[in-house]
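Student: This is the structure I have questions about; it appears just below.
The values are calculated or read from the model by the stated rules, or taken from the named source; none is laboratory data. From a predicted model like this one, the values you see are computed outputs, not experimental measurements. Here the Cβ positions follow ideal geometry from the backbone for every residue, glycine too, while neighbour counts run over all protein chains shown.
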Ligand SMILES: *Cc1c(COP(=O)(O)O)cnc(C)c1O
């Protein structure tokens, strides 16, 4: 029997970072944008964003989304208005909108790249106009969606944009730059243990405009622009120094990890000819896992297929099924537009094992098992 989990979180080994931990203790600073956080922020801007723009670390991407959305909708807030987002994404995005008093407005996706459909998005912007407080696209599964289109949407409709790029650290855009580079609209990344850039809990908000990043940093610290004086909306979303130690160490390993994950994804694609995979955008995707669509006629047998794989010792998952509009909490607190494509994709989606030290033999085993159980 195989022993191939779906994911295998691999943060940097704290037990090998004794010197860094001793330095942290000697500094006497354990949070509040200490020296390790500052070093990490500079290093990641240089390495992943070509030295352009700035980042603020946060304690996780969900808080990063809450703050970036709050900043985008402005001081008066957006109470009762919509956050236009895909239903084919992770719950954190809809929750972040709801915490800001917004109502998620779910939009359909493109059948090939599985990100928000530009036509559906524009149709909803034309239909709801000023009722849309913010547009929050998702860079689906680390895919490098076209951010220049969102800059144009802001110019045309006057609506702010916040990008959920939770799984995109290490992805490259069409020009070979780190995904998000140069974006005037905040891009929120996760460093959760399950992501390729794995820590434990952690995230960051990137923007080419350092003023946006500075406001988000202030908001992440009770809205304190000067010591202990709240001048902006705020809460506590600071990444502790120990989180930055983990992040700095993982950043050193990120490049080979992303390359390895890309090779694994390519192997799945080669092993499963005729199956439908996500259309890749940009020059490189930092894969968290590989998603494939079951043949249409087999979608109704998905749970049986998952169980069959599990019985053979192979983990798999169904991100994002149910899609958000199907979750009980969002059903009663959001508005869903036409989701025909979302429903079709979600019904067929299957996420296959991927982790830093998976072997190509294991990838072949998974592929063979999938072929057998779907025959
Ligand atoms: C992982 C993920 C998040 C949440 O990130 P956290 O750092 O765990 O809060 C949000 N959105 C998407 C699309 C994700 O994949």
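Student: For residue 93, work out the one condition from (1) in a helix (DSSP H, G or I); (2) over 22 Å from residue 288 (Cα atoms) it doesn't fulfil.
Tutor: In the conditions (1) in a helix (DSSP H, G or I); (2) over 22 Å from residue 288 (Cα atoms), residue 93 misses (2) alone.
Student: Scan (1) under 21 Å from residue 47 (Cβ atoms); (2) within 11 Å of the ligand (Cβ to nearest atom); (3) touching a helix residue (DSSP H, G or I) at 6+ places or on another chain (Cβ under 7 Å) for the single condition residue 183 breaks and write down its number.
Tutor: Among (1) under 21 Å from residue 47 (Cβ atoms); (2) within 11 Å of the ligand (Cβ to nearest atom); (3) touching a helix residue (DSSP H, G or I) at 6+ places or on another chain (Cβ under 7 Å), the lone unmet condition for residue 183 is (2).
Student: Would you point out the residue of segment 191-220, among those that are away from the ligand (no atom under 16 Å from the Cβ) and in a loop (DSSP other than H, G, I, E, B), that is farthest from residue 258 (Cα to Cα)?
Tutor: Selected residue: 209.
Student: Check 307, 344 and return the single one that is in a helix (DSSP H, G or I) and either within 30 Å of residue 122 (Cα to Cα) or within 16 Å of the ligand (Cβ to nearest atom) (or both).
Tutor: The unique qualifying residue is 344.
Student: Any residue in segment 306-319 that's under 12 Å from residue 7 (Cβ atoms): show its pairings with residues that are part of a helix (DSSP H, G or I) at Cβ separation under 6 Å, as long as the two are six or more apart or on different chains.
Tutor: Note: pairs meeting the criteria are 316/306; 316/309.
Student: Within segment 148-157, is there a residue that is surrounded by fewer than 24 Cβ atoms within 10 Å (Cβ to Cβ) and either assigned to a loop (DSSP other than H, G, I, E, B) or within 11 Å of the ligand (Cβ to nearest atom) (or both)?
Tutor: Looking through segment 148-157, none of the residues is surrounded by fewer than 24 Cβ atoms within 10 Å (Cβ to Cβ) and either assigned to a loop (DSSP other than H, G, I, E, B) or within 11 Å of the ligand (Cβ to nearest atom) (or both).
Student: Looking at segment 90-111, I want the residues that are more than 15 Å from residue 61 (Cα to Cα) and have a partner that is part of a loop (DSSP other than H, G, I, E, B) and within 15 Å of the ligand (Cβ to nearest atom) with Cβ atoms under 6 Å, at least 6 apart or on another chain. Which pairs are those?
Tutor: Close Cβ pairs satisfying both conditions: 106/87; 109/88.
Student: Taking the criterion of being more than 29 Å from residue 323 (Cβ to Cβ) and at pLDDT 95 or above, would at least one residue in segment 62-82 satisfy it? Before you say what the answer is, go through the steps one by one.
Tutor: Step one: of segment 62-82, the residues more than 29 Å from residue 323 (Cβ to Cβ) are 74-76.
After this cut, where a residue has to be at pLDDT 95 or above as well, the list is none.
Checked against the condition, which is being more than 29 Å from residue 323 (Cβ to Cβ) and at pLDDT 95 or above, segment 62-82 yields no hits at all.
Student: Name the residues in segment 259-271 that are buried (at least 19 other Cβ atoms within 10 Å of the Cβ) and either closer than 24 Å to residue 109 by Cβ or within 16 Å of the ligand (Cβ to nearest atom) (or both), would you? I'd like the intermediate steps shown before the answer.
Tutor: Step one: list which residues in segment 259-271 are buried (at least 19 other Cβ atoms within 10 Å of the Cβ), which gives 261, 264-265, 268.
Selection gives 261, 265, 268.
Student: Please go through segment 97-142 and give me each residue that is in a helix (DSSP H, G or I) and within 15 Å of the ligand (Cβ to nearest atom), ordered by number. Walk me through how you get there before you give the answer.
Tutor: Our first condition is that a residue be in a helix (DSSP H, G or I); within segment 97-142, this holds for 97-99, 118-131, 140-142.
The answer is 97, 98, 99, 140, 141, 142.
Student: In addition: Mind counting the residues in segment 40-90 that are in a helix (DSSP H, G or I), away from the ligand (no atom under 14 Å from the Cβ) and over 22 Å from residue 131 (Cα atoms)?
Tutor: Restricting attention to segment 40-90, the residues satisfying the condition of being in a helix (DSSP H, G or I) are 40-48, 61-73.
Add one more test, that the residue is away from the ligand (no atom under 14 Å from the Cβ), and what stays is 40-48, 70-73.
Next cut, over 22 Å from residue 131 (Cα atoms) only: 40-48.
Total satisfying the criteria: 9.
Student: Also, I was wondering about something else. Please find, among 232, 239, the residue that is surrounded by 15 or more Cβ atoms within 10 Å (Cβ to Cβ), away from the ligand (no atom under 16 Å from the Cβ) and more than 22 Å from residue 364 (Cα to Cα). It would help to see each step written out before you state the result.
Tutor: Numbers: 239 fails: away from the ligand (no atom under 16 Å from the Cβ).
Just a single option satisfies the conditions, and that option is 232.
Student: Further, regarding this structure: Look at residue 299 and say whether it is more than 16 Å from the ligand (Cβ to nearest atom) and free of Cβ contacts under 8 Å to residues at least 12 places away in the same chain. So that I can check it myself, show each step before the final result.
Tutor: Working: more than 16 Å from the ligand (Cβ to nearest atom): yes; free of Cβ contacts under 8 Å to residues at least 12 places away in the same chain: no.
When the stated conditions are applied, residue 299 does not pass them.
Student: Something else about it: Please indicate, with yes or no, whether at least one residue in segment 281-296 is surrounded by fewer than 17 Cβ atoms within 10 Å (Cβ to Cβ) and part of a helix (DSSP H, G or I).
Tutor: Let us first name the residues in segment 281-296 that are surrounded by fewer than 17 Cβ atoms within 10 Å (Cβ to Cβ), namely 283, 295-296.
Imposing the further condition that a residue be part of a helix (DSSP H, G or I) reduces the set to 296.
Within segment 281-296, one or more residues are surrounded by fewer than 17 Cβ atoms within 10 Å (Cβ to Cβ) and part of a helix (DSSP H, G or I).
Student: Between 24, 48, 7, 65, which is surrounded by 14 or more Cβ atoms within 10 Å (Cβ to Cβ), in contact with a helix residue (DSSP H, G or I) (Cβ under 9 Å, 6 or more places away or on another chain) and closer than 22 Å to residue 254 by Cα?
Tutor: Only one candidate passes the filter, namely 48.
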